Every structure is written in structure tokens, then in C-alpha cells.
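In what follows, a structure is listed as C-alpha cells, so that the remarks can point back to it.
The values are calculated or read from the model by the stated rules, or taken from the named source; none is laboratory data. Owing to the predicted nature of the structure, the values given are computational and were not obtained by experimental measurement. Quick reminder, even Gly has a Cβ in these numbers, built from the backbone with ideal geometry, and neighbours come from all protein chains shown.
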Amino acid sequence: MFELPGGPIAFSLGGEYRRETLSYDLDPTTQAGYAFYNAIPSFRSPAFEVKEAFGEISIPLVKNVPLLQELTINGLGRVADYKGAVSTVYALWRRGKPAIS
């Protein structure tokens with residue numbers, strides 16, 4: 001779409017939605033503790049939902065000029081909304097190392 005002296009701008013965008021659940025039921029013998037001498041009750045974890053979005057961009061400003069082989073700006077980020085106790089989480093990439101807030 002866009003061409004700079006260093007080359008084309010590249011970007012990526014995406015998103016995801018998921019709902020996670022967990023449960024298990026064991027036979028009555030195991031639940032009563034008659035198997036391996038451990039009583040293991042049924043388990044039902046509360047379901048939770050996650051909505052995520054991410055983006056990444058690479059902007060090549062210049063390439064193969066005197067005293068400069070390449071100058072490119074890169075950035076990426078992710079935001080995740082965990083409906084429940086965790087809330088919203090942001091992950092950013094700054095100054096060549098990850099920074100999570």
C-alpha cells in the first residue's frame with residue numbers, strides 16, 4: 001500500500017475471542033475414596049472469556065544510503081481483556097525489549 005525510500009510498509013492486525021471452561025467427574029467409587037485411598041470430588045471451574053487484539057508495524061525509512069545501511073522503525077502491541085478477576089492486560093514492545101504493563 002505504501003512505499004518509502006527504504007521499502008514498503010508492512011503491518012499485521014488480528015484478534016481472537018475464546019471462552020474457556022473446565023470440569024471433570026469421576027466415578028462414585030473414586031469420589032468416595034475407595035480407589036488409591038484418595039477421595040477426589042467432582043470439579044467445576046467457573047468459565048471465563050478472553051478478547052484479544054494485536055498489531056505489528058515495520059516502517060523502513062531509508063536503505064543503502066551513504067553511512068547508513070538501513071533505518072527501520074518497528075513496533076508491536078497486544079491487548080487482552082480477561083472478563084473476570086484479571087481485567088485488561090497490555091503488552092508493548094519498546095526500545096528493543098518487551099515492556100508489559
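Here are the numbers for this structure:
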item	result
Close pairs (8 angstrom Cβ cut-off, 6 or more residues apart or separate chains): at pLDDT 85 or above and loosely packed, with under 11 Cβ neighbours inside 10 Å in segment 80-99, in a strand (DSSP E or B) and among the charged types (D, E, K, R) anywhere	Thr88/Asp81
Matching residues, segment 59-85, being among the hydroxyl-bearing types (Ser, Thr, Tyr) and closer than 30 Å to Pro46 by Cβ	Tyr82
Cβ pairs under 7 Å, 6+ apart, first in segment 14-28 and at pLDDT 90 or above, second surrounded by 10 or more Cβ atoms within 10 Å (Cβ to Cβ)	Gly14/Phe54; Gly15/Glu52; Gly15/Ala53; Glu16/Glu52; Tyr17/Lys51; Arg18/Val50; Arg19/Ala47; Arg19/Glu49
Residue count for segment 37-51, restricted to those that are closer than 17 Å to Thr21 by Cα and either in contact (Cβ under 8 Å) with a residue 24 or more places away in the chain or of a type in the set (A, V, I, L, M, F, W, C) (or both)	8
In segment 21-51, the residues that are in a helix (DSSP H, G or I) and surrounded by 12 or more Cβ atoms within 10 Å (Cβ to Cβ)	Thr30, Gln31
